[in-house]
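Undergrad: Would you mind keeping the following structure in view while I ask a few things?
The values are calculated or read from the model by the stated rules, or taken from the named source; none is laboratory data. Only a predicted model underlies this, so the values are computations on that prediction, with no experimental measurement involved. No Cβ is skipped: glycine too gets one built from the backbone with ideal geometry, and neighbour counts run over all protein chains shown. Accessible surface areas use protein heavy atoms only, side chains included; no ligands, DNA or RNA. Shrake-Rupley method; radii C 1.70, N 1.55, O 1.52, S 1.80 Å.
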Amino acid sequence: MRITVSVNGQPHTRDVEPRLLLVHFLRDELGLTGTHWGCDTSNCGVCTVQLDGVPVKSCTVLAVMADGHEVTTVEGLERDGELDAVQKGFVECHGLQCGFCTPGMLLTARRLLDTVPDPDEGQIREAISGQLCRCTGYENIVRSIRWAAAAEGEARR
Amino acid sequence: MQVPAKFAYERADSVPHALELLERYGPEARVVAGGHSLIPMMKLRLAQPEALIDINGLTELGRLAVEDDELVIGALVRHAELLASTIATDLFPIFRDAERVIADPIVRNRGTIGGSLCQADPSEDLSAVFSALRATAVIQGRNGTRTVPIRDFHQGPYETAVEPDELLVRLRVPISSGTGSAYVKVERRVGDWPVAAAGAVLRVEDGVIAQAGVGLTAVGAEHFCAPEAETYLAGRPPSPEAFAAAGRIAAEHCEPHTDQRGPADYKRHLAAELTRRALAAAAERI
Ligand code: FES
Ligand code: FES
């Protein structure tokens, strides 16, 4: 089946089997390996991308379901060579160790700050509760997202 | 790497089109919306449909609104949308209680109300919620729509009243004043299926319980409800003693099984205790 998916603002047209999962479309067809792939059972959340701005687990979405829709992956966060605030936060606050969960965490964090610009710790923990950090670095992930929220709050003033 | 077996994929552009596709592909076709129950089952070959009919484009099924004296919830409403809808959660706080503990926020962004109900997993949360609320399911076929009380909707594990050539289109929940509702769940870890869970809906008139709804999941309660406990409560003043007795009755009439989530006697204990707690919480909210 021929599909066109807009990924990070670029349309990509491919012939795919209906059973191809979005995560493999991104990684294998488009070479966007920033989206990781772990449990394959919609538990760990490392495959999280944004579909029309909403975080989804791409191991449980068919690529054909994204036809005509917008996907944002971690590769799409940086703008004109500048990292997004959430990426900077993870750098500043040591929000990653091995980095396996990080792309998914960043996309969830981005969506959270787009909808709740100044989240408290509880809201952050709730937002990332569908994602596992195998390095158990949750404290620093929360701090990183708080840092990004503060930085964006500052920039808005 | 887990990949589903091959299937044909069709995208429905209207409800009649979806019904036409269901008829064309026959009983081996499955409807897919969020896909968060079906796709994992397809990866494991627990489900192997020959065709998937994608209904994600049917925006007419995504409505969530009050119509007359009912809350109408389209089958395609996502869990996250139900949780975010203050119309729904103010009227029926049981939705807020339940949706906060169904899977996780990212799964809730995608999974749908209709999908959860049609999956009819014996541990599914919303089945107990809608059962407690005495909702009505609206099912559409080629010859029009029909309504089914939710307690007749579930006909067994993974079995519903929806025929292979039909589509669940919406749920209708009766609104009445003097009502409180709550849902209480015990899970092993955040986002898991329940070990056991109970929902309660209480309508109190002139100091006595005019109608009680008790929903139970994961404990082998037929149709996800506890009619004996409801009958016991009707006509009594709400009290901790009555709620505890109703819990004991509910537990007596369920049929929990020992599995990886816990032994049967523990689940039976939970059925009683969670029913009691849900009733008490519902009473507080009237
Ligand atoms: S790989 Fe998708 S949730 Fe784990
Ligand atoms: S940084 Fe290693 S999994 Fe989170």
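Undergrad: Could you compute how much accessible area chains A and B hide from each other, both sides summed, with a 1.4 Å probe? Nearest 100 Å² is fine. If you can, show how the numbers build up before the last one.
TA: Numbers: alone 7960 and 13080 Å², together 18720 Å².
Chain pair A/B: roughly 2300 Å² of buried accessible area.
Undergrad: A further question follows. Using the crude model of +1 on Lys and Arg Cβ and -1 on Asp and Glu Cβ, and no other charge, please compute the dipole size for the protein assembly as shown relative to its Cα centre, in debye to 20.
TA: Details: 45 positive and 61 negative charges, 136 e Å.
The calculated dipole for the protein assembly as shown is roughly 660 debye.
Undergrad: Might you tell me the accessible area per residue for chain B, computed with a 1.4 Å probe and given in Å²?
TA: Numbers: 11880 Å² over 286 residues.
Accessible surface, normalised per residue, equals 42 Å².
Undergrad: Let me ask something additional. Short version: what are the Cα gyration tensor semi-axes of the protein assembly as shown, square root of 5 times each eigenvalue, largest first, in whole Å? All intermediate terms of the calculation are to be shown ahead of the outcome.
TA: Details: eigenvalues 283, 150, 76 Å².
Its equivalent ellipsoid spans semi-axes of 38, 27, 19 Å.
Undergrad: Taking the Cβ-Cβ separation of B:ARG248 and A:CYS39 as r and a Förster radius of 30 Å, what is the calculated FRET efficiency to the nearest 0.05? Could you put the intermediate results ahead of the total?
TA: On the way: r = 40 Å, r/R0 = 1.33.
It comes to 0.15.
Undergrad: Separate question: When the dipole is taken about the Cα centre of region B:59-174, and only Lys, Arg (+1) and Asp, Glu (-1) are charged at their Cβ, what size is it in debye, to the nearest 20? Please report the intermediate quantities before stating the final value.
TA: Numbers: 12 positive and 18 negative charges, 27 e Å.
It comes to approximately 120 debye.
Undergrad: Whenever you get a sec, compute what percent of the accessible area on region A:41-115 sits on carbon and sulfur atoms (1.4 Å probe). Present the calculation step by step, with values, prior to reporting the outcome.
TA: Values: 1210 of 2670 Å².
Answer for region A:41-115: carbon and sulfur cover 45 percent of the accessible area.
Undergrad: Counting only other chains, and only Cβ atoms inside 10 Å, what mean value do you get across the residues of B:102-115? Let's see the in-between values first.
TA: Working: counts 0, 4, 10, 11, 18, 8, 1, 10, 9, 2, 0, 0, 0, 0.
Averaged over the peptide's residues, the number is 5.
Undergrad: Still on this model: Comparing the chain by itself with all protein chains present, which residues of region B:4-26 are at least 50 Å² less accessible (probe 1.4 Å)?
TA: SASA drop of 50 Å² or more in region B:4-26: B:LYS6, B:PHE7, B:TYR9, B:ARG11.
Undergrad: To continue, here is another question. In nm, what is the difference between 0.36 nm times the number of residues separating B:GLU222 and B:ASP259 and their Cα-Cα distance? Could you put the intermediate results ahead of the total?
TA: Working: separation 37, 0.36 × 37 = 13.32 nm, distance 1.83 nm.
Using 0.36 nm per residue and subtracting the Cα-Cα distance, I get 11.5 nm.
Undergrad: Could you work out the Rg to Rh ratio of region A:85-156, with Rh taken as the Kirkwood radius (inverse of the mean 1/r over all Cα pairs)?
TA: Details: Rg = 10.8 Å, Rh = 11.7 Å.
Computed over Cα atoms, the ratio is 0.92.
Undergrad: Please give the contour-minus-distance gain from B:ASP152 to B:ASP206: 0.36 nm per residue of separation, less the Cα-Cα distance, rounded to one decimal in nm. Write out the running numbers ahead of the final one.
TA: Working: separation 54, 0.36 × 54 = 19.44 nm, distance 3.08 nm.
Gain on stretching B:ASP152 to B:ASP206: 16.4 nm.
Undergrad: Just order B:216-222, A:51-57 by mean Cβ neighbour count inside 10 Å, highest at the front, would you?
TA: Values: B:216-222: 26.0, A:51-57: 21.1.
Packing order, densest peptide first, comes out as B:216-222, A:51-57.
Undergrad: What is the calculated FRET efficiency for A:ASP15 to B:ILE286, with r their C-beta to C-beta distance and R₀ = 45 Å, to the nearest 0.05? Let's see the in-between values first.
TA: Values: r = 58 Å, r/R0 = 1.30.
With a Förster radius of 45 Å, E is 0.15.
Undergrad: While we're on this one: Ranked highest first by average number of other Cβ atoms within 10 Å, how do A:79-90, B:167-178 line up? Don't skip to the end; give the middle numbers.
TA: On the way: A:79-90: 16.8, B:167-178: 19.1.
Ranked by mean Cβ neighbours within 10 Å, highest first: B:167-178, A:79-90.
Undergrad: May I ask for the distance between the Cα centers of region A:65-81 and region B:250-272, given as a whole number of Å?
TA: The distance from the Cα centre of region A:65-81 to that of region B:250-272 comes to 46 Å.
Undergrad: Determine ³J(HN,Hα), in whole Hz, for all residues of region B:237-246 in sequence, where each value follows from phi through the Karplus function 6.51 cos²θ - 1.76 cosθ + 1.60 and θ = phi - 60°; x replaces Gly and Pro.
TA: So the J values, rounded to whole Hz, are x, x, 7, x, 5, 5, 5, 5, 5, 4.
Undergrad: Let's test this: bin the Cα-Cα distances of region A:2-76 at 10 Å from zero up to the farthest pair and state each bin's percent.
TA: 22, 62, 16
Undergrad: Another question, if that's okay. For region B:154-185 and region B:1-61, what is the centre-to-centre distance using only Cα atoms, to the nearest Å?
TA: Using only Cα atoms to place each centre, the spacing works out to 21 Å.
Undergrad: Would you calculate the separation in nanometres between label points at B:ASP68 and A:ASP114, each defined as 7 Å from the Cα along the Cα-to-beta-carbon direction?
TA: Placing both labels 7 Å beyond Cα along the Cβ direction yields 4.0 nm.
Undergrad: Mind giving me the nanometre distance, one decimal, between the label points for A:LYS88 and B:SER14, set 7 Å out from Cα along Cα→Cβ?
TA: 5.1 nm
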